[in-house]
1. From Cα pairs below 8 angstrom and at least 6 apart in sequence, can you work out the relative contact order of the chain, rounded to a whole percent?
2. Taking R0 as 30 Å, what FRET efficiency do you get between Gln116 and Glu16 from their Cβ-Cβ distance, rounded to the nearest 0.05?
3. Pull out the extension gain between Asn4 and Gln27, defined as 0.36 nm times the separation in residues minus the alpha carbon to alpha carbon distance; nm, one decimal.
4. Please give the length that would be gained between Lys134 and Glu103 if that part of the chain were fully extended, namely 0.36 nm times their separation in residues minus their C-alpha to C-alpha distance (nm, one decimal).
5. For the chain, give the share of DSSP beta bridges that are antiparallel, in percent and rounded to the nearest 5; count only bridges with both residues there.
6. Convex hull over the Cα atoms of the stretch 76-156, averaged projected area in nm²?
7. What does the chain give for Rg and for Dmax, in Å, if only its C-alpha atoms count?
8. Please list, by residue number, every one of the trypsin sites (Lys or Arg not before Pro) in the stretch 67-120 that is coil in DSSP and has at most 13 other beta-carbon atoms within 10 Å.
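Just so it is clear, none of the values below were taken in a lab; they were calculated from the coordinates. The structure displayed is predicted, hence computed values, not measured ones. Quick reminder, even Gly has a Cβ in these numbers, built from the backbone with ideal geometry, and neighbours come from all protein chains shown.
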Amino acid sequence: MSKNTICLWFERDAEEAARFYTKIFPQSHLGAIHKAPSDYPAGKAGDTLVVEFVVAGIPCIGLNGGPQFKHSEAFSFQIATDDQEETDRYWNEIVGNGGHESECGWCKDKWGISWQITPRMLTEAMAMGGQVAKRAFEAMMPMKKIDIASIEAAIRG
């Protein structure tokens, strides 16, 4: 296990979520699955308790801890994309499998984890500052999934 690992709390679906994430994103894989050695408040001995996985190069563990805590937008994975096809693919996988759209390139998966599917060119436009950043930002604001052609048009003015 990595020295620094993100722990994601799930009610009971950590293994299903980990398998879903590692199927979608490159540089991802499923690791060890640890069973509970005895009964615990959210489950029984032998239930899946912790799942180790890597998603887009980030080491994570999923903890089946029960219903006490819910995910929020205060934490999200940001996935940088290179083109519209890649943006569409990730967005459609998350939203089309029980998730839902949010604003400005954000969506949530069916477990409530937030994802930012962000084209690199949008990030680069924002880093330019000035009028370019302003136009890109204003074009992005009404979007759900980012439309790269519209952002490029805004950058050009």
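1. For the chain, the relative contact order is 19 percent.
2. In this case the efficiency is close to 0.85.
3. Between Asn4 and Gln27, full extension yields an extra 6.6 nm.
4. 9.4 nm
5. Just about 60 percent of them are antiparallel.
6. 4.7 nm²
7. Here Rg and the maximum Cα pair distance are 17.9, 62 Å.
8. Lys70
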